[in-house]
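Just below is one structure, and these are the notes that go with it.
No lab work stands behind these numbers, since they all come straight from the coordinates. All of these numbers come straight from a predicted model, not from anything done at the bench. With ideal geometry, Cβ positions are generated from the backbone for all residues, glycine too; neighbour counts draw on all protein chains shown.
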Amino acid sequence: MDYEKISRTHIQGYPVKMNYKYLGIVLNKALDPRNSVIMINNKLKGYLSRNDWIVKKFFTPKSLITLSRYYQESRIIYGLNPFLDMGDVIDIAQKASLKYLRSILGLKHNVSSRRCRLVFGLPKLEHNLLVRLVKNVKKYKEHFGEIPSIYNRTLEEYRKWSGLDQPLTELPIEYLKSTVLNRSISDTAAKEGINVGTRFKEVIEKFLYRWPDRRENLLIRYIIKFGFFDPRLFSECELCGGENSRTHVTNECPYFNGSRNRALEKAKKILGQNALSNLEEVIMQAYFAPDPNWSKKQIRELVDMTKTFVADLYMSRKKKTEVEDTRVSDDEPRKGGKDQRRANTPLLNFFNN
Ligand SMILES: [Zn+2]
């Protein structure tokens with residue numbers, strides 16, 4: 001948008017204010033809402049410490065995400081859709097909203113934002129805002145018979161991105177919404193080299209994160225590649241000395257032969273195939289792109305197999321490093337052993353690793 005910059009401090013004796021709150025948004029002289037986003041973000045900071053005790057104790061991941069979206073994200077993005085063309089402001093809002101999501105899920109701040117959204121099938125903030133903007137523009141058109149030209153360029157840019165032929169404002173909103181949000185998710189997935197299928201939404205909505213299950217907290221970490229198999233943390237596998245990665249731990253590391261074989265046996269029973277050998281691929285397919293022909297029962301069982309395998313991974317690694325720890329001298333600090341409050345919940349100890 002080409003806002004006229006106002007340089008005078010008074011107009012006809014009336015002071016020109018630096019910030020002005022209009023329809024719930026604080027705008028500066030250049031009609032830029034960034035101060036609004038920053039102010040709301042500062043107000044919300046108190047939630048970060050509250051999130052520390054709320055974390056995963058009483059809520060399922062799904063409830064936590066809902067809490068974060070209702071109480072934090074919705075406040076941050078309130079009224080921002082008309083400013084969709086201001087990329088840097090939208091980026092500030094996106095970063096802030098992901099900070100609360102990570103915090104409420106007990107994930108460390110250096111966890112990849114992209115994978116964080118992907119694991120729950122969450123679209124980018126700008127695409128949620130786009131849907132709202134189109135809704136508002138359509139409403140405007142209903143009332144005034146025309147589309148405010150100020151949004152033409154933004155809407156056209158997003159139309160090109162979406163691959164849709166018609167102007168976005170001429171499409172039924174539900175169709176537009178599902179197209180835009182699906183596109184947003186598959187874009188994100190492609191950047192991670194992941195193929196998202198038509199049943200991904202079904203997996204997230206029906207088979208995961210709805211009921212208390214501690215294995216799921218580990219599954220989230222596995223999918224976002226956060227843990228001892230992250231090559232940025234350890235380039236060498238601490239168990240066998242091989243080249244470290246999630247693929248290595250899942251498919252190759254001899255230390256996990258037992259867990260891997262049990263998982264592959266289960267997968268073979270569920271899918272009735274003999275050729276399954278790449279466990280990571282099976283897991284990724286079950287999570288992001290289940291075959292359209294698989295029954296609900298097959299998906300449920302595969303997801304359960306995955307959860308068990310992942311919990312197994314983190315637990316056997318923990319056991320192994322604890323054995324090592326008892327052998328090292330006292331002057332070497334022990335990782336993950338300091339939080340005594342969680343002593344009775346062994347799985348939760350892994351969150352610190
Ligand atoms: Zn290894």
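Quick look at the numbers
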{"item": "Cβ-placed point charges (K, R +1; D, E -1), dipole of the chain about Cα centre in debye, nearest 20", "result": "1160"}
{"item": "Under Karplus coefficients 6.51, -1.76 and 1.60, residue-wise ³J(HN,Hα) of region 253-260 in Hz, glycine/proline x", "result": "3, x, 4, 9, 3, x, 4, 4"}
{"item": "Principal semi-axes in Å for region 204-252 [√(5λ), Cα gyration tensor, largest first]", "result": "27, 9, 9"}
{"item": "Radius of gyration and Dmax over the Cα atoms of the chain, both given in Å", "result": "24.2, 84"}
{"item": "Options V119, A189, L80, ranked by Cα towards positive dipole end of the chain, top entry (Cβ charges)", "result": "L80"}
{"item": "Stretch gain in nm, segment K141-K17, where the contour uses 0.36 nm per residue and the Cα spacing is subtracted", "result": "41.5 nm"}
{"item": "Max mean-square fluctuation residue, GNM over the chain, Cα-Cα springs under 10 Å, options S112, S245, S149", "result": "S149"}
{"item": "Karplus 3J(HN,Hα) series, Hz, for region 171-177 with 6.51 cos²θ - 1.76 cosθ + 1.60 (x for Gly, Pro)", "result": "9, x, 4, 5, 5, 4, 4"}
{"item": "Between region 92-137 and region 243-317, the alpha-carbon center distance in angstrom", "result": "28"}
{"item": "GNM flexibility winner over the chain from S295, S277, S162 (Cα, springs under 10 Å)", "result": "S295"}
{"item": "At R0 = 35 Å, FRET efficiency that the Cβ-Cβ distance of S49 and E238 yields, to 0.05", "result": "0.60"}
{"item": "Whole-Hz couplings from phi, Karplus 6.51/-1.76/1.60, listed for region 245-251; x for Gly and Pro", "result": "5, 5, 4, 4, 5, 6, 9"}
{"item": "Relative contact order, percent, the chain [alpha-carbon distance under 8 Å, six or more residues apart]", "result": "13"}
{"item": "The chain - mean residue ellipticity at 222 nm from DSSP helices (-39,500 (n - 2.57) per run, n ≥ 4, rounded to 500)", "result": "-16000 deg cm²/dmol"}
{"item": "The chain: most fluctuating residue of P82, P172, P123 per GNM, C-alpha cutoff 10 Å", "result": "P172"}
{"item": "Translational diffusion of region 18-111, µm² s⁻¹ [Kirkwood Rh, Cα pairs; Stokes-Einstein; 25 °C; 0.890 mPa s]", "result": "176"}
{"item": "Nearest-0.05 FRET efficiency for S277 and E157, computed from C-beta distance (R0 45 Å)", "result": "0.50"}
{"item": "Lys, Arg +1 and Asp, Glu -1 on Cβ, resulting dipole of region 18-111 about Cα centre, debye, nearest 20", "result": "460"}
